[in-house]
Each structure stands twice: as C-alpha cells, then as structure tokens.
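In what follows, a single structure is set out as structure tokens and then discussed.
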Amino acid sequence: MRRIAGAVYCGGMSQESRIRVLSDNVANKIAAGEVVERPAAVLKELMENAVDAGARRIDVTISSGGRKLIQVQDDGRGMGRDDALLCIERHATSKIRDVDDIECVGTLGFRGEALAAIASVSRFKLTTGTGGNAAGTRLAVNGGKLEDVADTGCARGTAIEVRDLFYNVPARRKFLRTDQTELGHLRTVFNNQALANPAIGMSLTVDGSFLHRLAPDAELLERVIELCGPDVREGLVEVSFEYSGVKVGGMISRPVLHRADRSEQYVFINRRAASAPVVMYALREGYQGTLPNGRHPVIFLYLELAAADVDVNVHPTKREVRFRRSNAVRDAVMGAIRDALGVHTRPAADNLPLPEPQAPRVLHRQLNIAGLPQFPAFDYPRKSSAGDGALHSGAPSGGTQGDAVMPPSIETQLWRWCRVVGQVGGLYVLLETDDGMVVMDPHAAHERVLYERMLKTGAQAENAVQALLMAETVTLPPREAALLGRHLDLLTKMGFGVEVFGDNTFKVESLPAVVAGAAPRALVDEILLEFKEGRAAGHGMRRREEAVARAACRAAVKGRSKLSLQELEQLVADLAQCEMPYTCPHGRPALIFTSFRELERKFGR
C-alpha cells in the first residue's frame with residue numbers, strides 16, 4: 001500500500017477503483033455551470049474577448065432572449081487556423097503565460113475556459129480571419145464535439161454564433177427565466193460594455209429590430225445619453241480626481257437626480273465592469289447627508305489604478321475584484337464624489353483627501369448661476385425671542401418681489417434669477433426662477449444652512465462661539481453623563497463651551513454662533529441621542545457630522561412658522577450659497593424644481 005498525492009493506492013488488490021478522471025466533455029459542462037449561468041454570461045464573455053482583440057466595432061444579435069441565438073461579430077485582430085482550434089480548448093489563452101501574470105492582468109479575460117464552456121452547452125460556430133490574403137477559418141462545435149473545420153473567405157475579425165444554449169443540459173435550461181427577463185440581463189451586459197468602451201462602435205439587434213447603433217469615438221456623455229436617455233443629462237456632474245495612485249473619472253448625479261434602486265450605477269475598474277464592497281461603501285459615504293433615505297444616485301464611475309493593485313481572480317465571472325490598497329480606493333472615491341458635488345464642509349479627518357473648493361463641473365451647460373437681490377450685511381437669522389420659530393435678522397432685507405437679479409460677481413450653483421412668490425399651505429415656499437419654479441421646505445433649507453455653517457466654522461473657534469449671558473447647567477442621568485464626558489473634546493470642536501460641573505452635571509457657557517438662539521439643553525439632548533444611537537461609532541468625522549446635523553435640526557426654523565418676505569428672501573439667499581443646497585443634512589429634499597418645459601408638457605402646450 002502506498003500513498004499518492006494524498007490518496008491511498010492499494011497495490012495488488014483486485015478491488016475496482018471508485019475514483020476516476022472525468023472526461024473533457026463532463027469537465028467542460030461542469031465548468032460551464034460556473035462560467036455560463038445564463039445567456040447574459042455568454043454575451044459578457046464574447047464581448048470582452050472582442051474588446052481584448054482590439055475591436056473598433058462590435059455588433060451583437062440576440063434572438064429569443066438568447067436561447068436561440070447570441071451572435072457577436074467584431075473587427076479585431078482575428079485568429080489563424082491553429083489559434084482558432086486552440087481557443088475552444090480548456091485553459092487555452094493568449095493573455096497569460098504563467099502564474100505570475102495573474103498578479104497583473106491587463107486584459108478583461110485571462111482564464112481561457114469561457115469558449116470551451118460555452119461550446120460544450122450549445123451549437124457553436126466560429127468564423128475568424130486575420131485579413132490580407134490569408135484564408136479565414138470556420139469551425140463548428142456541437143455540444144463540445146468539434147464537427148467541422150474549413151477554410152473560408154472572411155474579413156479581418158471574429159464572428160461567433162451561439163445557438164440553442166443549454167440544449168443538451170435540460171436541467172439548466174428549465175431554470176432560465178422568460179425571454180423578456182433574460183433580455184433585460186443581456187441589455188445590462190451590453191450597456192456595461194458600451195459604457196466601458198465609448199471609443200468602440202457597437203450595435204444591438206434583438207429579434208430582427210435594432211435597439212442601439214452606437215457610433216465609435218464617442219464622448220462619455222454622448223454614450224450615456226444614447227443608452228440612458230436625455231433626461232439624465234441635466235443632473236450629472238463630471239468627476240475628475242486622483243489620490244494616492246488611484247484615478248477616478250466619469251460622471252455622477254447631483255442630489256436632484258436619484259433612483260429607487262441601483263440599476264443606474266455603473267462602476268468600472270480598469271475598464272472592467274466590476275465592483276467591490278469598499279467601492280459601494282465609499283459611494284454611500286460620499287453621498288452621506290445629500291439624498292433621502294432609500295434613494296440612490298446615478299453613477300458612471302471609472303477607477304484606474306495599477307493592474308498589480310487589483311486582484312481580478314476572485315470569481316469565475318470576474319464580477320467582483322479585490323484591492324491591495326483598499327483604503328486608498330475608498331478615500332479616492334469619497335474624495336472624488338465630494339469634489340464633484342462641490343461639498344467641502346466635511347472636516348479633513350481620517351486621512352480623507354479634500355481638494356481646494358471649486359465650483360461643480362456641470363457637463364451640459366454652466367449651472368453655477370445665482371439669483372436674488374444682494375442684501376445688506378447682517379447677522380445670520382436666528383429664531384426670534386418671541387418663540388414662534390420665525391427667522392429674525394439684525395437689519396432689513398433689500399429684496400423686493402420685483403426684479404431680483406443678482407450682481408454677476410455673486411455666483412452659486414442654483415439659478416441666475418429668482419423671485420420669492422410666498423408661502424403656500426402655511427409651510428412651503430414657492431420660488432420663481434429663470435428656468436421654472438421651485439418649492440422649498442424652509443425647515444430643511446434652514447437645517448442645511450446651519451449644518452454647513454457649523455461645520456465650516458468649527459475650526460475657527462474664536463469666530464464660531466457665542467458666550468451665553470448666563471451659563472446654563474445641565475444635569476443628566478449617569479449613563480448619559482458618562483457618554484457626554486467622553487465626547488467633550490468633540491463638542492469643543494463643534495463650538496460648544498461645556499465643562500464638568502459636579503456629579504453628572506455640566507455647565508454650558510457658550511454655543512456655536514449659528515445656533516446661539518437655541519435652548520442649550522435641547523441641543524445637548526439631540527447630540528447625546530446621536531452619540532447614544534452610535535450610528536457613526538468608530539468614525540470620528542462621521543460622528544461629528546451626525547451630531548452637527550442633529551443640532552442643526554433642533555435649531556432650524558420650525559415647519560409651520562410664518563415667515564416674512566424679508567426672512568424668506570434671506571433664507572433663500574443663504575441656501576443659494578450652500579455647497580449642497582438640495583437636501584437637508586439627513587437627505588430630505590430642501591428644494592423641488594419643476595421646469596417650464598415640464599409644466600408646458602403637462603398642460604399640453
């Protein structure tokens with residue numbers, strides 16, 4: 001008896017061996033179960049091969065949701081006869097030579113098992129040629145068996161037909177969904193490849209009808225509009241950012257454009273449609289406080305980094321990758337989003353890169369436009385001493401309900417011209433702008449203004465703090481007192497002058513200037529609630545933002561407060577100067593815009 005590679009071999013025994021080497025046909029079908037989950041997986045592999053072959057044109061034809069036919073034709077390098085025969089063998093590839101090459105894969109495919117797996121579960125036909133005077137090659141494979149090889153005349157490039165997918169694996173075929181569902185997955189794959197490669201011309205034909213004819217050498221915005229429609233154009237801003245060797249480009253939506261799901265979030269890593277948990281985390285963090293709960297931004301994000309820093313050999317379908325420097329990727333994505341949105345109020349902590357403030361880059365037209373009269377300088381509006389929650393300013397506004405044109409030296413990202421019409425429903429503020437009308441929630445708007453002012457002035461304690469005429473003591477239960485005591489340094493950074501004043505008692509001597517009119521005990525309670533819930537535990541920057549948001553909510557004008565025209569105009573003017581004026585710090589909308597074009601459409605004009 002001897003042991004071979006971990007198995008026991010009993011020499012001289014007549015007992016029949018129960019361990020066998022699987023045939024190539026069975027092995028290929030098993031591999032197909034991993035690589036070819038559904039028709040969309042076939043299309044992904046074929047289109048990636050075409051891109052790797054240097055194609056400038058890729059034409060895709062689909063029939064019956066991919067069950068009957070998936071055809072991909074390209075004008076890439078093509079193959080000679082020997083390569084054409086080898087490409088349908090398992091683990092045959094031109095993209096890597098040894099195991100070290102896997103550490104720095106620069107192509108979309110590399111395993112060399114996709115075509116063999118696809119050919120084993122379909123009626124497969126490949127026609128390819130290198131152009132010139134050399135004859136092309138045509139070969140046919142039926143269920144993994146090579147049935148025909150012949151010379152043929154063909155242009156440079158490769159055409160692959162996959163017919164009757166899973167015809168010889170009925171168990172897999174019965175798990176396919178309806179043609180419409182499978183077509184949806186196929187179109188997602190096509191869109192991914194078309195967006196990843198705007199320089200390549202592409203077409204998609206489904207059941208004899210053209211769905212897309214995409215021109216080559218397209219700008220990204222052109223390709224996005226062709227695939228996603230013109231409605232997304234106005235809500236997108238350009239992304240261009242680099243940090244620690246990670247380049248982030250593409251386009252993302254401003255907070256006015258969001259969706260109920262993530263179906264319009266496209267992430268490309270070295271031109272590969274893929275993702276990673278750290279990227280999704282960075283997206284959420286980058287948009288923190290700008291979107292309503294349950295809403296998701298529209299994303300077309302392109303990450304470029306050294307191939308050696310990306311591990312693509314994680315999953316057979318290569319849908320997910322790993323990063324060797326995940327922290328750099330996280331910080332680059334978060335910084336790119338904040339930069340593109342023009343949000344620079346986030347404290348520079350936890351090594352998050354923050355660029356110099358600049359206006360958002362809007363692709364379709366310049367939207368860094370402003371409105372409203374220029375008001376005399378006065379202290380920021382506070383809640384009135386009468387306790388009705390109204391805004392109060394130290395000097396009258398210079399605004400009127402007539403012409404309201406802002407001097408050209410004052411620019412924001414909202415509008416060129418604006419007029420406050422008044423309050424409706426005892427709550428909402430109606431504004432007229434140059435492009436349409438805006439409905440503003442004054443409470444959400446005031447929250448945003450206070451929130452950004454508190455963050456911006458947090459590092460300028462001498463200007464951010466206003467001493468109280470009489471210090472106020474706050475006595476807390478033991479647990480809350482201990483919690484507050486652990487965060488006194490954070491409160492100081494926020495502009496609160498709080499110190500221990502006996503057992504479980506604290507003395508509040510000053511408040512952040514922007515919320516100086518609020519009750520100290522109420523503000524402390526809100527901040528304590530944030531600390532207690534621990535939503536930002538372990539992340540100092542995030543903890544501070546959430547606490548500031550709580551304080552801003554408590555200090556903001558109340559929803560049903562009756563505001564004067566001057567107070568409304570001042571609130572709108574202050575909001576217009578915010579870096580993220582579209583939502584409150586918790587993501588609820590502060591502004592809802594309806595264009596004149598939309599109104600005309602609804603009225604049938």
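The values are calculated or read from the model by the stated rules, or taken from the named source; none is laboratory data. A quick note: this is a predicted structure, and the numbers were derived from the prediction, not measured. Glycine gets a Cβ as well: all are built from the backbone with ideal geometry, and neighbour counts include every protein chain shown.
Miscellaneous remarks
- Pairs are defined by a Cβ separation below 6 Å, a sequence spacing of at least 6 or placement on different chains, a first member in the stretch 135-152 that is surrounded by fewer than 19 Cβ atoms within 10 Å (Cβ to Cβ), and a second member that is among the small types (Gly, Ala, Ser); the pairs so defined are 147/140; 148/140; 151/135; 152/136.
- Residues that are surrounded by 22 or more Cβ atoms within 10 Å (Cβ to Cβ) and either touching a Phe, Trp or Tyr at 6+ places or on another chain (Cβ under 6 Å) or modelled with pLDDT under 90 (or both) within the stretch 259-271 comprise just one, 266.
- Residues being surrounded by 16 or more Cβ atoms within 10 Å (Cβ to Cβ), within 35 Å of the chain's Cα centre (by Cα) and of a type in the set (D, E, K, R) - total across the stretch 153-181: 3
- In the set 579, 600, 526, 567, only one residue is part of a loop (DSSP other than H, G, I, E, B) and either at pLDDT 80 or above or surrounded by fewer than 21 Cβ atoms within 10 Å (Cβ to Cβ) (or both); that residue is 579.
- The set of residues in the stretch 288-305 that are part of a loop (DSSP other than H, G, I, E, B) and either at pLDDT 90 or above or within 20 Å of residue 223 (Cα to Cα) (or both) comprises 298, 305.
- Odd one out for residue 241, checked against (1) under 28 Å from residue 322 (Cα atoms); (2) touching a Lys or Arg at 6+ places or on another chain (Cβ under 7 Å): (2)
- Failed condition for residue 463, given (1) closer than 24 Å to residue 567 by Cα; (2) at pLDDT 80 or above; (3) surrounded by fewer than 17 Cβ atoms within 10 Å (Cβ to Cβ): (2)
- Filtered residues of the stretch 582-596 (kept if under 17 Å from residue 419 (Cβ atoms) and not in a strand (DSSP E or B)): 596
- Taking the conditions (1) more than 16 Å from residue 575 (Cβ to Cβ); (2) modelled with pLDDT under 80; (3) over 30 Å from the mean Cα position of the chain (by Cα) in turn, residue 457 satisfies each one other than (3).
- Any hit, the stretch 221-244, residues being outside the structural domain of residue 53 (by TED's automatic domain parsing), among the small types (Gly, Ala, Ser) and more than 19 Å from residue 299 (Cβ to Cβ): yes
- Restricting the stretch 78-89 to residues that are touching a Ser or Thr at 6+ places or on another chain (Cβ under 7 Å) and assigned to a loop (DSSP other than H, G, I, E, B) leaves a set whose member that is surrounded by the fewest Cβ atoms within 10 Å (Cβ to Cβ) is 80.
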